[in-house]
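Notes for the one structure printed next.
The values are calculated or read from the model by the stated rules, or taken from the named source; none is laboratory data. All figures in this text were calculated on a predicted structure; none of them were measured in a lab. Please note: Cβ atoms are built from the backbone with ideal geometry, for glycine as well, and neighbour counts cover all protein chains shown.
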Amino acid sequence: MALTDLLLFLVSTTAILYVLFKKLLQKEKSKLNLPPGPKPIPIVGNLHQLGGILPQTAYGLSKIYGPIIYMRMGQIPAILVHTTELAKEIMHNQDLVFCSRPALTVLQKYSFNGCDVAAAPYGDQWRQLRKIFILELLSNRKLPFFRSSRQAEVDQMINSIRTRPNQDSPVNISDLMVRLSSSIVCRVAFGYRSEGKYGERSRLHDLLEVGNAHFDTVFIADYFPGFGWMDWFTGSRFRIERNAKDLDMFYSKVIEEHKDVHKRGEDHEEDFVDVMLRLCKEEDSKITNDHIKGSIMNVLVGGTDTSASTVIWAMTELSRNPRVMKKAQDELRSIVGNKGKSRRK
C-alpha cells in the first residue's frame, strides 16, 4: 500500500511540475515576439534536435521554419540565423548588442571571471584591454622588434630536426609547431622561453593542450544553470579547476619574475607584461593581477593554438597533394637558394 501511495505521489508531482513549466514557458513567450521554431520539450528544450552534424541540422531546420529560428538549449534561449543579411545585421549593424560572449563555465574560469579581452563584456574595461593589446603587442610598430625572437626559435626548431639521432625517423610536425608557436609567443609577449628542447613536450605544452580540450567540453551548468553541481559528479568541473590552478601558478610565476627588477636588470626591454604592470601601478587604474593573468591566457591560447593549427593543416594538405608540395618547395628554393635560410622580411 505504501509503495502504491509513493508511486501515486511521484506521478502527480511530475504532472504538476510539467503543467507549471508549460504555463511558465507560455507566459514567457507571450511577452516576447519570438521567431518561429520547433516546439521545445520540458527541461531538455530543443537539445535533442541538435544531433549529428550541427550545420546540416541547422540547415534542415531553416528549410522548415525560415531564416531565423528560436530554440531553447536546455534552459537557455537561443536564436539561429541562416542568411548573410541577418548575419550582417547581427554582426555589423547591431554589433554592440550582440558582441559580448555568454558567461560560459570554461570562459569564466580561464578568464578569471571576465578579466580579459575574450570574455569581458563590452565596456570601458574591454576597450582599455583591447587598446593595450593593439598598441603593445599587435601593432606594426612592434613587429620589427619581434623578428629576432621569431628567427631564433625557427632556427632552433630546424636545427633540432637536422640533428636528431635517427635521420630516418618521422618528424612529429604537430608537436614541433605547437612548441614553436608557444616559444615565440612567450618570448615576444613576456620574455619567457618554454623549458626543454624541441622534440620534447614541455610542462606548458601539456597544460595548454589540456586547457584547449576543455573548451570543447560540455558543461551542464551552461545549459541548466540550476544543475551546475552535476559537473562535479561527472568530473569535468574537477578537471578544469585543477588545470586552471596549474595555469594560475604559471601566470603568477611570470608576473613575479617581471616584478623582480634586480633579477631581470634595469636596462631590459619592456615587454607586454611589463606594460600591464606599469599601467596597474598608475593612479585610478582598474587593472588588477587578474586582468594581467587573463591577458596572458589570451596571448597563450590565441597565439599558440591558432598559429600551430594553421601550419599543421597546411602541411597536412600539402602532404596529400604532392604536386602542390613540389610547387611550394620549388618556389621556396628559388627564393632561399643555397643560403640555407631566408633572411627576407
query: Among (1) in a helix (DSSP H, G or I); (2) in contact with a helix residue (DSSP H, G or I) (Cβ under 8 Å, 6 or more places away or on another chain), where does W313 come up short?
result: (2)
query: List, please: which pairs have Cβ atoms under 6 Å, are six or more places apart or on different chains, and start with a residue in the range 225-250 that is under 25 Å from M73 (Cα atoms) and end with one that is hydrophobic (A, V, I, L, M, F, W, C) and part of a helix (DSSP H, G or I)?
result: F227/I220; G228/A221; M230/I220; D231/I220; D231/A221
- prompt: If you go through the range 276-299 one residue at a time, do you hit one that is of a type in the set (D, E), touching a helix residue (DSSP H, G or I) at 6+ places or on another chain (Cβ under 8 Å) and in contact (Cβ under 8 Å) with a residue 60 or more places away in the chain?
  reply: no
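Residue-wise test of (1) within 30 Å of G211 (Cα to Cα); (2) hydrophobic (A, V, I, L, M, F, W, C); (3) modelled with pLDDT under 90; (4) surrounded by 17 or more Cβ atoms within 10 Å (Cβ to Cβ).
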{"residue": "I69", "(1), (2), (3), (4)": "no, yes, no, yes"}
{"residue": "M73", "(1), (2), (3), (4)": "yes, yes, yes, no"}
{"residue": "E85", "(1), (2), (3), (4)": "no, no, no, no"}
{"residue": "S100", "(1), (2), (3), (4)": "yes, no, yes, no"}
query: Do we find that G235 is at positive phi and among the small types (G, A, S) in this structure?
result: yes
- prompt: Of all residues in the range 112-144, which are farther than 22 Å from I292 by Cα and either touching a Leu at 6+ places or on another chain (Cβ under 6 Å) or part of a helix (DSSP H, G or I) (or both)?
  reply: P144
- request: Being surrounded by 12 or more Cβ atoms within 10 Å (Cβ to Cβ), under 28 Å from the mean Cα position of the chain (by Cα) and not polar (S, T, N, Q) is the filter here, so list the residues in the range 308-337 that pass it.
  value: A308, V311, I312, A314, M315, L318
- prompt: Within the range 171-193, can one find any residue that is surrounded by 13 or more Cβ atoms within 10 Å (Cβ to Cβ), aromatic (F, W, Y), at pLDDT below 80 and over 27 Å from A78 (Cα atoms)?
  reply: yes
- request: Answer yes or no: is there a residue in the range 281-289 that is part of a helix (DSSP H, G or I), at pLDDT below 85 and either closer than 22 Å to N113 by Cβ or not hydroxyl-bearing (S, T, Y) (or both).
  value: yes
field: Among (1) at pLDDT 85 or above; (2) under 14 Å from the mean Cα position of the chain (by Cα), the one test that G302 misses
entry: (1)
